[in-house]
Each structure stands twice: as structure tokens, then as C-alpha cells.
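First comes the structure, then the notes that go with it.
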Amino acid sequence: IPSPALFREIWRGALPGLVSGEFTNRDVFYSSYVQTYIERDVSGMIEKVDTLLFADFIRAAACRAGQLLNVHDIAMDIGVSDDTAKRWLAVLEKSDVIFYLRPYSNNLLKRTIKTPKMYFFDTGLVAYLTRYSTPEILMNGAINGAILENYVVSEIRKSYLNSAKECLMWFYRDKDAQEIDMVIESDGKLHPLEIKRSVNPSSELVKAFEVLDKGNVPRGMGAVICMRPELSAVGAENLIVPVWMI
């Protein structure tokens, strides 16, 4: 899939009402989805919720999809307390609108940060809430890297959930600013993944994977997930995987 087609998929999202063709107008679909979600689900979980304020809250959260969670920033955006924002994020998580990747750490990796990253299950909802009116504008917009990362992480997570497998997924970041977008544990090995909006990712990207060797779980095959059209590799230990293959 060339990147315009991929960003059309990211922009449209994967909710059944749209994918099935039952709804043909994306904007009308997401507008009614958000309204119904707040009026039915959220109102059942939060007594006397201000529906307009909660809509603003979801939008503020969507602007930070794929980033380290900063509850205070989201709360400040809409003028509620940090405690309220925390409670409302718990509602979004409980109703499967968002999920978190926790930072990977073990006893030998002491400098890892504690803050999780927040993702939305559906990138179409993120694109709608952040008011990107076309896939092309989204592809060239300020959040294009974050929403691509959100798409990859959520698709991988959904593939585990759909096959009823345990989902051992994290990200890595330490106080020395070393970072790995995703770390998946499988069969006793850690598989590091980097996600890049690039056709020719630099082989330097996989250098960060070596930080995992300081831990006590062996490192397995890693990968850079990117826009390259065909499967290739960076050496014997790391693949270059096209986004459309996940």
C-alpha cells in the first residue's frame, strides 16, 4: 500500500459501521458515534456529566494519541481538575476507546521512566476529533508520525486480542532519552520494534535495540516498521517490515 492509500485507511478508521458500508458518510458516522457514546455509555458511568465538556475532553486526549500520557496538560486544555481528567481517562479506557502501553523495565534496567503512552483503538476517531478533513491533509499534518505509530500499535494489539492471546507489549524509554517504540515479549525473548514514516529508514535506528541487552531477558529478532513497499532486513537480527504487512 503506498502511503496515500495507507493514510486513507488510517483516516477512515476500522469501526464496523464504516467498514461494512452501512454508513457512507464518515463525518456523520463519527459525529453520531461520539454523541451516542457520550449520551449512552459515558452518562451511565459518570453521573450528571457535562456532555459538551466531555466531548472537548475526548478531543484533547485525541490530540495526544501516541504520546506519553500527561494528565495535567489534558485537564488544563479543558479547564477541569487533574483528578477529573484521571477519572474520565479511566472511563475511556474501560469503554475501549483508549489503551496504554506501559514502559518496559526489569530489575537490571533501573533508569526507565514510569509514565505510560496513550493510544486510541481507532485512528479514524483520532483523525475526526483532531479535525483532519482529508487523508491527504492528515498525511502531511503535524500528527502524521504519532497517528501512524498509533495505527501500528493498535493493529498489533488488536491482532493479539482477536486471537485471544496474551498481549505482552510495552515501549522502552529511559532517563538517558534512549527510546524504542514497542517491545513485544514472545517465547521468552524481547522483540524491539521501531515505527517510522519513511521509505528508507536509517540502519542507525536499530542501535537503540542494544539497550535491552543490559536486562536479563534475551533479545530476539527486531524490526523497523515503515513505508518501504517490500520486506527486507537490516543485518541478520532486524527486519524492515512494510506497514501493510502487520
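In a DSSP loop and with at most 12 other Cβ atoms within 10 Å, the GluC sites (Glu not before Pro) in the range 124-187 are GLU166. Look at the Cα gyration tensor of the range 1-119: its axes a ≥ b ≥ c give a/c of at least 1.5 with a/b at or below b/c, and that counts as oblate.
DSSP beta bridges fully contained in the range 162-234 are about 70 percent antiparallel. When PHE29, PHE23 are compared by accessible area at a 1.4 angstrom probe, the order from most to least is PHE23, PHE29. Scalar couplings 3J(HN,Hα) for the range 151-158, obtained by applying the Karplus form with A = 6.51, B = -1.76, C = 1.60 to θ = phi - 60°, are 4, 5, 4, 5, 5, 5, 4, 4 Hz; x denotes Gly and Pro. Counting Cα-Cα pairs of the chain in 10 Å increments starting at 0 gives whole-percent bin shares of 7, 29, 35, 21, 7, 0. Give me the angle, in degrees from 0 to 90, between the Cα long axis of helix 51-62 and the longest principal axis of the Cα atoms of the chain, rounded to the nearest 10. Roughly 20 degrees between the two axes. With 25 Å as the limit on Cα-Cα distance, the pairs of LYS48/LYS117; LYS94/LYS158; LYS94/LYS175; LYS86/LYS214; LYS158/LYS214; LYS86/LYS207 that go past it are LYS48/LYS117; LYS94/LYS175; LYS86/LYS214; LYS158/LYS214; LYS86/LYS207.
Split the accessible area of the chain by element, probe 1.4 Å, and carbon with sulfur accounts for 51%. The separation of the range 188-208 from the range 43-75, counted between C-alpha centres, amounts to 32 Å.
Would you please state the base-10 log of I(q)/I(0) at q = 0.11, 0.23, 0.24 1/Å for the range 133-243, with intensities from the Debye formula using one equal scatterer on every alpha carbon? Treating every Cα as an identical point scatterer, log10 I(q)/I(0) equals -0.37, -1.41, -1.47. Extending 7 Å from Cα along the Cβ direction at ASP27 and again at MET76 yields two label points whose distance is 3.2 nm. Once the 1.4 Å probe is applied to the protein heavy atoms, the chain comes out at 50 Å² accessible per residue. Largest to smallest in accessible area, the residues LYS158, LYS189 fall in the order LYS189, LYS158 (1.4 Å probe, all protein chains included). Convex hull of alpha carbon positions in the range 53-132: directionally averaged projected area 5.8 nm². By the helix-only formula, in which each DSSP H run with n ≥ 4 contributes -39500 (n - 2.57) and the sum is divided by residues, the chain has a 222 nm mean residue ellipticity of -10500 deg cm²/dmol.
Only bridges with both residues in the chain count here: give the DSSP antiparallel percent, nearest 5. Of all bridge pairs located within the chain, approximately 65 percent are antiparallel.
The values are calculated or read from the model by the stated rules, or taken from the named source; none is laboratory data. Quick caveat, the model's predicted, so the values are computed rather than measured. All Cβ positions, even for glycine, are placed from backbone atoms using ideal geometry, and neighbour counts span all protein chains on display. Side chains included, ligands, DNA and RNA excluded: accessible areas come from the protein's heavy atoms. Shrake-Rupley method; radii C 1.70, N 1.55, O 1.52, S 1.80 Å.
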